[in-house]
Amino acid sequence: MSSSILLSHPLSPHLHLPKPKFHPQRTFQFSCFHLKKSGPSQSHFTDSPQKLRKLVLARVAKTEVERNEASPLVGEDSAEFVLSKQKVSSWVYFTLILGVVLYVLNVAWIDNSTGFGKVFIDALSSVSDSPEVVMLLLILIFAVVHSGLASLRDTGEKLIGERAFRVLFAGVSLPLAVSTVVYFINHRYDGVQLWQLQGVPALHELLWFANFVSFLFLYPSTFNLLEVAAVDKPKMHLWETGIMRITRHPQMVGQVIWCLAHTIWIGNSVAVAASVGLIAHHLFGVWNGDRRLAIRYGEAFEVVKSRTSVIPFAAVLDGRQKLPADYYKEYLRLPYISITALTLGAYFAHPLMQAASFRLHW
């Protein structure tokens, strides 16, 4: 913290100022600290210079902390959802777009009689008989396409517009993601069994809770579904509240938790291969995401970066991030409630998901 003093008018040499009088019994007061008389035989300026210096430094440090605590948000308030600002027509469009996307995805990719999904899986399976290799190839292809298009976002949006680029991005990424998920479900118990812990008491409940928590980290990008579906103009957001106070890259943290939970439970080489590929992709996403935000937001991102962390709670523990007293209210919002409901629904829908995947024979 620094300050400057500007002297605009020098004192006139003809100006006679009264000589200051020294009052030994008077208390000395300054703007940033207060020194009290310690006794007739002591002087703060001659006997305790180190104490004075410590008082000044302590006051400066306290002022700096107070200034940081009072700093306004530079990024956006994540998961903010104001019902009065919502338009019925926007959500009607969203529902129609979602229906069209799912129909096209089914016809063009999922349905074995009309789509290219099975052809794609068969082509990769012809490269190797190892399900671990095929699993890693699927993740590699998805990672290259997904992160590659994300890196080209600024250029792509300038060329074809935000909405058109979002349609292109989703249209290419979604089929690859479906293929990867379906293949993992169908082959998750293939490969070499490395350990078997499914009989350990309470392990299932512990891993279920870890998996549940992982989804609260995994999907911060769905804070605005209307942008995901390109109903609203998609934006690259600089979120700063909610889960972002805990970690600046919640999707990476959520993916690591999910991978660890599933790998511990399944315990074979296919699960390990899938986890290695997914975690590697998301670690790259940490670097690439910071790079893209720095290009887009410049100094504003550097401010957010300085008071957040990649490792969960690191910024909180070292004092760079101070959680508000009512921090829990940042989670009592519809997007987080929706993610919680969808996570519970997905768990109970596991048998349906597995049955649907088996019928595809991918």
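The values are calculated or read from the model by the stated rules, or taken from the named source; none is laboratory data. What you see is a predicted model, and the numbers here were worked out from it, not measured in a lab. Cβ: placed from backbone, ideal geometry, glycine included. Neighbour counts: every protein chain shown. These area figures cover heavy atoms from the full protein model, side chains too; ligands, DNA and RNA do not enter into them. Shrake-Rupley method; radii C 1.70, N 1.55, O 1.52, S 1.80 Å.
List of remarks:
- On the beta carbon distance between ILE295 and ALA202, with R0 = 41 Å, the FRET formula returns roughly 0.30.
- Which listed pairs, of LYS85/LYS305; LYS233/LYS305; LYS233/LYS329; LYS118/LYS235; LYS118/LYS233; LYS235/LYS329, have C-alpha distances above 32 Å, in listed order: LYS118/LYS235; LYS118/LYS233
- Counting charges near ALA294 (Lys, Arg +1; Asp, Glu -1) among other residues having Cβ under 10 Å from its Cβ returns a value of +1.
- Solvent-accessible area of ASP318, all protein chains in place: 90 Å² (probe radius 1.4 Å, heavy atoms, ligands and nucleic acids excluded).
- Options VAL310, TRP362, PRO335, ranked by Cα towards positive dipole end of the stretch 290-362, top entry (Cβ charges): TRP362
- Taken along the Cα-to-beta-carbon direction at a fixed 7 Å, the label points for LEU225 and MET353 span 1.7 nm.
- Debye, to nearest 20: dipole size of the stretch 136-208, +1 on Lys, Arg Cβ, -1 on Asp, Glu Cβ: 200 debye
- Protection-proxy order for peptides 157-164, 352-359, each taking the mean of Cβ atoms within 10 Å per residue, highest first: 157-164, 352-359
- Net charge in the neighbourhood of SER128 (other residues with Cβ under 13 Å of its Cβ; Lys, Arg +1, Asp, Glu -1) is -4.
- The residues neighbouring TYR331, those whose beta-carbon lies less than 15 Å from its own, together hold a net charge of -2 under the Lys/Arg +1, Asp/Glu -1 convention.
- Taking the protein heavy atoms of the stretch 277-362 in the context of the full set of protein chains, the accessible area attributed to carbon and sulfur is 71 percent at 1.4 Å.
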